[in-house]
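This report refers to the structure that appears directly beneath it.
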Amino acid sequence: DYAFREPDALSAILEERPSVRPVLPAVKKAELPDRVLGAWRGRIAGCLLGKPVEGFHRNRILSILKETANYPMTRYIMREEMPDALIQRLSLDPGSCWADTLGGLAPADDDTNYTVFALRMVEEYGEGFCPNDVLEGWLRWLPMLSTCTAERVAYRNAATGLTAPETARHDNPYREWIGAQIRADFYGYLNPGDPEKAAAMAWRDACISHVKNGIYGAMYVAALIAAAAVCSDMETVIQAGMGQIPTACRLRCALDQVCSWHREGLEAQMLFDKIHTLYDERNIHHWCHTISNAMIVTAALLCGCGDFEKSICLAVQTGFDTDCNGATVGSILGMFRGTQGIAARWTEPF
């Protein structure tokens, strides 16, 4: 009596997709360099926006924003705006990666490491890479301590001799968490206007560490970015992304709910409040799950109305996995708008 059909194999996933998917405009090749650069800058900026409050619950984030006259959020959280007394009272790390203390370089982070890794991996193995090529690349180029949760388990499993997909399944309680979703951007960059090919590449990456909705989240994000390279409205981008995942999976059901709330006219705060009623950010499984965070990404894209600043700020101020969601939304909006859609103050720190 289980209500969902959630296969792991790509062939089965393709069969479970909706039969009708958006027909996208043709690629304008002259625009691509600027769009891809916008996507990469947007990913870094969104990650940097959310990183100082990563792991904080929403009330704590809102306290910081209100104390610094930054609510609703419109800018980075700056160290210069944080008196020592406030840092002590809110138990903040004074050495955190505040945007005004970076010295011109964004810090290394898994939300950007994997994008660079995917470029390196495709250069080495070609666009026809297989899942075990990704695993081999991890062992060659990623230090184990740069991996987290599902990725660290898969890394350990690979080091003991297991291969995909067993690396995702063996002793891996994190296999539907957000990790694969934050690794998928490059496959969208590489396949502008082709969500299906982008999603298929994301599947080959995701299946080494994730199952079911953990895989679908990666396919969804890669397809969103591929669609954002050619579309002029965000709802079509989102429909193109959802067109690459099973219609009867939990992720699709959750995303449909977000879209329904938006069509009903719910304002952003009410929409995010509803997500908080479905998922408890104090529960680490909810906080780091693919579905809860994909709902936040989708809500930020819809409520942000194509505005880079508004979208990444909505993604971060609502809590859950702030740097991951900020990075994903920033990447999508950067591809959607190009570099001209990102104000200079968002990229000046790095």
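The values are calculated or read from the model by the stated rules, or taken from the named source; none is laboratory data. Quick caveat, the model's predicted, so the values are computed rather than measured. Glycine also receives a Cβ, built like all others from the backbone with ideal geometry; neighbour counts cover every protein chain displayed. Note: accessible area is taken over every heavy atom of the protein model, side chains too, but ligands, DNA and RNA are not part of it. Shrake-Rupley method; radii C 1.70, N 1.55, O 1.52, S 1.80 Å.
Kindly express, to the nearest 10 degrees and within the range 0 to 90, the angle between helix 131-141's C-alpha long axis and the longest C-alpha principal axis of the chain.
Roughly 50 degrees between the two axes.
Given Cβ point charges of +1 (Lys, Arg) and -1 (Asp, Glu) and nothing else, what value in debye, to the nearest 20, does the dipole of segment 1-155 about its Cα centre take? Could the numbers behind the result be given before it?
Values: 18 positive and 23 negative charges, 111 e Å.
Rounded to the nearest 20 debye, it is 540 debye.
With axes computed from alpha carbons, what is the tilt in degrees of helix 250-263 against the longest principal axis of the chain, rounded to the nearest 10 within 0 to 90?
Approximately 50 degrees, to the nearest ten.
Does segment 63-197 come out rounded, prolate or oblate, given a ≥ b ≥ c as the square roots of the eigenvalues of its C-alpha gyration tensor, rounded meaning a/c under 1.5 and, failing that, prolate meaning a/b above b/c?
Prolate, since a/c reaches 1.5 and a/b exceeds b/c.
From the convex hull of the Cα coordinates of the chain, what is the mean projected area in square nanometres?
Projected area, direction-averaged: 17.2 nm².
How about segment 239-291: which chymotrypsin sites (Phe, Trp or Tyr not before Pro) there lie in a loop by DSSP and see at most 10 other Cβ atoms within 10 Å?
On the way: sites: Trp261, Phe272, Tyr279, Trp287; in loops: Tyr279.
Of the chymotrypsin sites (Phe, Trp or Tyr not before Pro), not one in the loops of segment 239-291 has a Cβ with at most 10 other Cβ atoms within 10 Å.
Treat each spin label as a single point 7 Å out from the Cα along the C-beta direction, and report the Lys28 to Ala12 distance in nm.
4.2 nm
In nm, to one decimal, how far is the modelled label at Glu267 from the one at Thr163, with both set 7 Å along Cα→Cβ?
5.7 nm
When only Cα pairs under 8 Å and 6 or more residues apart are kept, what is the percent relative contact order across the chain?
Relative contact order here is 31 percent.
Output the relative contact order of segment 198-339, whole-number percent, from Cα pairs under 8 angstrom with separation of 6+ residues.
Dividing the mean separation by the residue count of segment 198-339 yields 23 percent.
Rounded if a/c is under 1.5, else prolate if a/b beats b/c, else oblate: with a ≥ b ≥ c from the C-alpha gyration tensor eigenvalues square-rooted, which is segment 256-350?
oblate
Normalising by the residue count of segment 292-332, find the relative contact order in percent from Cα pairs under 8 Å and 6+ residues apart.
Once divided by the residue count of segment 292-332, the mean separation gives 41 percent.
Heavy-atom accessible area of His276 with all protein chains present, probe 1.4 Å, nearest 10 Å²?
30 Å²
Taking a 30 Å limit on the Cα-Cα distance, which of the listed pairs Lys28/Lys212; Lys29/Lys310; Lys28/Lys310; Lys51/Lys274; Lys66/Lys212 fall beyond it? If you can, show how the numbers build up before the last one.
Working: Lys28/Lys212 34 Å; Lys29/Lys310 28 Å; Lys28/Lys310 26 Å; Lys51/Lys274 24 Å; Lys66/Lys212 39 Å.
Long pairs (Cα-Cα over 30 Å): Lys28/Lys212; Lys66/Lys212.
Give the accessible area for Asp194 in Å² (nearest 10); use a 1.4 Å probe, count only protein heavy atoms, and leave out ligands, DNA and RNA.
60 Å²
How much of Val36 can a 1.4 Å solvent probe reach, expressed as accessible area in Å² and rounded to 10?
50 Å²
At R0 = 41 Å, how high is the FRET efficiency between Ser19 and Tyr71 if r is their beta carbon distance? Nearest 0.05 is fine. All intermediate terms of the calculation are to be shown ahead of the outcome.
On the way: r = 44 Å, r/R0 = 1.07.
Computed FRET efficiency for Ser19 and Tyr71: 0.40.
For segment 1-21 and segment 189-266, what is the separation of their Cα centres, given in Å?
13 Å
Give me log10 I(q)/I(0) at q = 0.17, 0.18 Å⁻¹ for segment 186-268, Debye formula, one equal scatterer per alpha-carbon, no solvent.
Per q value, in the given order, log10 I(q)/I(0) is -0.64, -0.71.
For helix 322-337, report the angle its Cα long axis makes with the longest principal axis of the Cα atoms of the chain; keep it between 0 and 90° and round to the nearest 10°.
In the chain, helix 322-337 runs at an angle near 80 degrees to the longest axis.
Accessible area, 1.4 Å probe, largest first: how do Glu136, Glu80 sort?
Largest accessible area first, the residues go Glu80, Glu136.
With +1 on the Cβ of every Lys and Arg and -1 on the Cβ of every Asp and Glu, and nothing else charged, how large is the dipole of segment 262-350 about its Cα centre, in debye rounded to the nearest 20?
Computed about the Cα centre, the dipole is about 180 debye.
Quick one: go through segment 314-347 and flag any residue whose amide nitrogen is under 16 Å from the point 7 Å out along the Cα-to-Cβ line of Glu80.
Once the point is set 7 Å along Cα→Cβ of Glu80, 345-347 turn out to lie under 16 Å by backbone N, inside segment 314-347.
When N is the residue count of segment 2-70, what does its C-alpha Rg come to as a fraction of 2.2 N^0.38 Å?
1.85
Give, rounded to the nearest 20 debye, the magnitude of the charge dipole that the chain has about its Cα centre when Lys and Arg contribute +1 at Cβ and Asp and Glu contribute -1 at Cβ.
180 debye
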